[in-house]
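One structure below.
The values are calculated or read from the model by the stated rules, or taken from the named source; none is laboratory data. Keep in mind it's a predicted model, so treat the numbers as computed, not measured. Glycine also receives a Cβ, built like all others from the backbone with ideal geometry; neighbour counts cover every protein chain displayed.
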Amino acid sequence: MNEQQIALIKATVPILKENGVLLTRYFYERMFKHNPELKHVFNMGNQQSGKQQTALAMAVLAYAENIENPGVLMGIVDHIGHKHTSLDIRPEHYQIVGNHLISSIKEVLGDAASEELLEAWTLAYNQLAAIMSGHEAKIYTDKVNHPGGWTGWRPFIVKERVKESEEITSFYLYPADGGRIASHQPGQYISVRLFLPELDLLQPRQYSVSNSPNGQYYRISVKQEKGSTHPDGMISNRLHEHVQVGDTIELTSPSGNFVLEGKEQGKPQVFISGGIGQTPLLAMVEDLLTDPNVEQPIVWVHGCRNEQVHAFRDRLKEIATINPQFQNHLFYEQLDQDCEHARSGIVDLQKIADKVVLEDANYYLCGPAGFIRKQYEFLKETGVDPSSIHFEEFGPASLSLN
């Protein structure tokens, strides 16, 4: 791109800040109208909620703001790349997306979309597509080079269902072909694909692997969104109500860059979760405890509505009993009088600051966006280095904190 074209891209930044979501909403409507087969690839729940449109608008804005040095966005590229490879997005999809994005810019901006501007954005998009697809090619290569690794969708059999709480059930998934499976990094997720008769669509969803690597199966622990007719809740309801032991579902191999760090250095590890956000963190804790000589402090902080919906509470008690380094701090919004092992209310790190603010610790936050932001800001205000705070937001990313 020449200097004039870069200037044209940067001149659109104010427009993207004000009307970016309008543009991306139009783009998705246009793309699904002309390429309805892509509805089987995209999460239609995120489409209906507007999360996907917002996430794309933020990504396009970030790219336009950094068009002179897109290398600074490699953290975002890696995050999106893992999402894309978990959905089996391939280079040819970028061509379809690019055609609809440029057409959307032309149709939304009208007379303001000069030929020079459209040419600049075409070049800019092709540059971005090359960066993304190139990075994703490396991720795909890493997957197939990993023992037991694969790309694309692979059939797995549900061999066990375990009710973990009133809302959460775990599914134990074994490869239908009897072959090896890739060892995931604790904190990673897998994509599950089911057919939804209500939408007449195949729909993918990402679920964190809630167990440490074992070479035999993956466990996902799913919260049922009871009574939900929103696409976001349809997969969880289908899993809970229709998928039984012996059934086959399709998975992609483990993805994600929200993983356990500093294990070898013996750093203190602090895990802070809200609701179903505990699932990737549980895999991290279990992996830490595979070493019987673990000596660093392991702090667990979790909040949910009440004891009845709290999954894995017995497992956490067991861990606390057998490992003196493990500290378990619970917050219940609805606290029974005879429940002595939890505090009342939502997670408030101020109440346990002396237990969680530790020197040279790594922090892992997982839960809703508002929950993550609150805990992140508290840790930052108490002097924790932001580079030591790692977080995973379920669904399309909307947070930019680090």
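Worth a mention:
- Looking only at residues in the stretch 141-172 that are part of a helix (DSSP H, G or I) and either touching a helix residue (DSSP H, G or I) at 6+ places or on another chain (Cβ under 7 Å) or not acidic (Asp, Glu) (or both), the one that is farthest from Asp314 (Cα to Cα) is Thr141.
Quick grid of which residues meet (1) closer than 18 Å to Pro204 by Cα; (2) out of contact with any strand residue (DSSP E or B) (no Cβ under 9 Å at 6 or more places or on another chain); (3) modelled with pLDDT of 95 or more; (4) surrounded by fewer than 17 Cβ atoms within 10 Å (Cβ to Cβ):
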position	(1), (2), (3), (4)
Phe27	no, yes, yes, no
Arg30	no, yes, yes, no
Asn35	yes, yes, yes, yes
Leu38	yes, yes, yes, yes
Phe42	yes, no, no, no
Asn46	yes, yes, no, no
Lys51	yes, yes, no, no
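- Checked against the criterion of being part of a strand (DSSP E or B), crowded, with 19+ Cβ neighbours inside 10 Å, among the aliphatic types (A, V, I, L, M) and modelled with pLDDT of 95 or more, the stretch 364-382 contains one or more residues that satisfy it.
- If you go through the stretch 188-197 and keep only what is out of contact with any helix residue (DSSP H, G or I) (no Cβ under 6 Å at 6 or more places or on another chain) and surrounded by fewer than 17 Cβ atoms within 10 Å (Cβ to Cβ), you end up with Phe195, Pro197.
- Search result, residues across the stretch 279-306 that are among the small types (Gly, Ala, Ser) and in a helix (DSSP H, G or I): Ala283
- Residues in the stretch 84-115 that are hydrophobic (A, V, I, L, M, F, W, C) and assigned to a loop (DSSP other than H, G, I, E, B) were compared, and the one that is farthest from the chain's Cα centre (by Cα) is Ala113.
- For the stretch 176-202, a residue qualifies if it is of a type in the set (A, V, I, L, M), over 19 Å from Asn214 (Cα atoms) and part of a strand (DSSP E or B), and the qualifying residues are Val192, Leu194, Leu196, Leu201, Leu202.
Residue-by-condition table, conditions (1) part of a loop (DSSP other than H, G, I, E, B); (2) of a type outside the set (A, V, I, L, M, F, W, C):
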| residue | (1), (2) |
| --- | --- |
| Gln308 | no, yes |
| Lys317 | no, yes |
| Phe331 | no, no |
| Asp360 | yes, yes |
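- Residue pairs meeting the criteria (Cβ under 9 Å; at least 6 apart or on separate chains; first farther than 23 Å from Ile96 by Cα, in the stretch 1-29; second hydroxyl-bearing (Ser, Thr, Tyr)): Leu8/Ser114
- Put simply, of Ile249, Ile276, Ile272 the only residue that is farther than 28 Å from Asn323 by Cα, outside any loop (DSSP other than H, G, I, E, B) and within 25 Å of the chain's Cα centre (by Cα) is Ile249.
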